[in-house]
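Novice: Here it is: the structure, laid out below.
The values are calculated or read from the model by the stated rules, or taken from the named source; none is laboratory data. Not measured: the values here are computed from a predicted model. No Cβ is skipped: glycine too gets one built from the backbone with ideal geometry, and neighbour counts run over all protein chains shown.
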Amino acid sequence: MQRQDIKRAGSTTRARVTTVADGKSRAREDVLATEEPLEIRVNGHSVAVTMRTPGHDFELAAGFLFTEGAVTSRDQIAQIRYCADPQNYNIVTVDLRPGVAFDTARMTRHVFTSSSCGICGKASLDQVRVTCPAVLVPPPPLSADFYLKLPAALQSEQALFEKTGGLHATALFDTAGKLVMLREDVGRHNAMDKLIGARFLQNQLPASNQVVLVSGRASFELVQKAVIAGIPVLASVGAPSSLAVDLAREFGMRLIGFLRDGRYNIYCP
């Protein structure tokens, strides 16, 4: 892979702001989460543009392609690289190995997806269920104390959120409660794709016997991505949607919502 995929300084941006509090105003410098477009190309063909926080771009591209069913194994990817322009870090090309079939038309998401929603840009709702397995490995038995400790562990490692207050996070834990990996992004689906992409590139999927925690709500697409990655438990700080619950039940995922303030709801056992 060309040009190391790293979390670079461009993940945050500084801006001058005026803060008003207690009837007084003062000028100061604030730190913002950077949001820039990333175009993902496969074999030179553009398949998607997503608004993301720069950093871990190769993981994002790999995770996106895997969770969309475009690739199924690490061996299918020859290399991931940035645009030939040395100043352009907003175009990533994934080169597949010779003989790997790729349907460009099926992958096209009408070119653009926002940071807030990935699924709304899909070419057709018929493509929503992509390559979900028939059923997940049964969720491991875990105590209430295990779940209640996860939000604090997530928050303690959210370095960019601590600076900006404007990022979503996705964290992977083992059954001992140890944080295995965390990724942040302005887009909740991007944070999930970055984490799954990292595990995919390391040949560490399916992630059975592990738990994923998301910092916001549990949407249909996040549940779908976790199912494709073989993760049997998804917990969220916020609420799940009705479709997220339906999909979790269909594939045997344990879905937990409102995991905060010493409580949580179990939507799918």
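Novice: Of all residues being of a type in the set (D, E, K, R) and in a helix (DSSP H, G or I) in segment 212-227, which is nearest to Glu68 (Cα to Cα)? Just the residue, please.
Specialist: Here the residue is Lys225.
Novice: Looking at (1) hydrophobic (A, V, I, L, M, F, W, C); (2) part of a helix (DSSP H, G or I); (3) free of Cβ contacts under 8 Å to residues at least 24 places away in the same chain, find the lone condition where Leu195 falls short.
Specialist: (3)
Novice: Tell me, please, whether a residue that is closer than 16 Å to Glu59 by Cβ, assigned to a strand (DSSP E or B) and among the hydroxyl-bearing types (Ser, Thr, Tyr) can be found in segment 167-182.
Specialist: Yes, because at least one residue in segment 167-182 is closer than 16 Å to Glu59 by Cβ, assigned to a strand (DSSP E or B) and among the hydroxyl-bearing types (Ser, Thr, Tyr).
Novice: Let me ask you something else. Output yes when any residue across segment 215-236 is out of contact with any helix residue (DSSP H, G or I) (no Cβ under 8 Å at 6 or more places or on another chain), of a type in the set (S, T, N, Q) and in contact (Cβ under 8 Å) with a residue 40 or more places away in the chain, and no when none is.
Specialist: There is no residue in segment 215-236 that is out of contact with any helix residue (DSSP H, G or I) (no Cβ under 8 Å at 6 or more places or on another chain), of a type in the set (S, T, N, Q) and in contact (Cβ under 8 Å) with a residue 40 or more places away in the chain.
Novice: Which pairs have Cβ atoms under 9 Å, sit 6 or more apart or on different chains, and link a residue in segment 81-102 that is at pLDDT below 90 to one that is exposed (fewer than 11 other Cβ atoms within 10 Å of the Cβ)?
Specialist: The qualifying pairs do not exist here.
Novice: Testing Ile256 on (1) among the β-branched types (Val, Ile, Thr); (2) assigned to a loop (DSSP other than H, G, I, E, B); (3) buried (at least 20 other Cβ atoms within 10 Å of the Cβ), one condition comes back false. Which one is that?
Specialist: (2) is the only condition that Ile256 fails.
Novice: Here are Ala27, Ala48, Ala78: which of them is free of Cβ contacts under 8 Å to residues at least 12 places away in the same chain, assigned to a strand (DSSP E or B) and not assigned by TED's automatic domain parsing to the domain that holds Ile231?
Specialist: Values: Ala48 fails: free of Cβ contacts under 8 Å to residues at least 12 places away in the same chain; Ala78 fails: free of Cβ contacts under 8 Å to residues at least 12 places away in the same chain.
The match here is Ala27.
Novice: Please find, among Ala226, Ala218, Ala244, the residue that is surrounded by 23 or more Cβ atoms within 10 Å (Cβ to Cβ) and over 19 Å from Asp185 (Cα atoms).
Specialist: The conditions single out Ala244.
Novice: Yes or no: segment 199-222 includes at least one residue that is among the hydroxyl-bearing types (Ser, Thr, Tyr) and under 22 Å from Arg74 (Cα atoms).
Specialist: Yes, that holds for at least one residue.
Novice: What single numbered condition from (1) within 21 Å of Ile80 (Cα to Cα); (2) out of contact with any strand residue (DSSP E or B) (no Cβ under 8 Å at 6 or more places or on another chain) fails to hold for Arg183?
Specialist: Arg183 satisfies every listed condition except (2).
Novice: Given Leu154, Leu150, which one is at pLDDT 95 or above, touching a Leu at 6+ places or on another chain (Cβ under 8 Å) and assigned by TED's automatic domain parsing to the domain that holds Gly177?
Specialist: Details: Leu154 fails: at pLDDT 95 or above.
The match here is Leu150.
Novice: Another one. Given the condition touching a Phe, Trp or Tyr at 6+ places or on another chain (Cβ under 9 Å), closer than 20 Å to Ile77 by Cβ and not hydrophobic (A, V, I, L, M, F, W, C), answer yes or no: does some residue in segment 158-181 qualify?
Specialist: No; the residues of segment 158-181 include none that is touching a Phe, Trp or Tyr at 6+ places or on another chain (Cβ under 9 Å), closer than 20 Å to Ile77 by Cβ and not hydrophobic (A, V, I, L, M, F, W, C).
Novice: Still on this structure, please answer the following. Looking only at segment 33-50, which residues are loosely packed, with under 15 Cβ neighbours inside 10 Å and either modelled with pLDDT under 80 or over 14 Å from Asn190 (Cβ atoms) (or both)?
Specialist: Asn43, Gly44, His45
Novice: Can you tell which of Thr13, Thr19 is over 30 Å from Ala105 (Cα atoms), at pLDDT 80 or above and in a strand (DSSP E or B)? Can you show your working first?
Specialist: Working: Thr13 fails: at pLDDT 80 or above.
Answer to the check: Thr19.
Novice: Can you tell which of Asn190, Asn209 is surrounded by 15 or more Cβ atoms within 10 Å (Cβ to Cβ), touching a residue at least 12 places away in the same chain (Cβ under 8 Å) and part of a loop (DSSP other than H, G, I, E, B)? Break it down stepwise before answering.
Specialist: Details: Asn190 fails: part of a loop (DSSP other than H, G, I, E, B).
When all the criteria are applied, what remains is Asn209.
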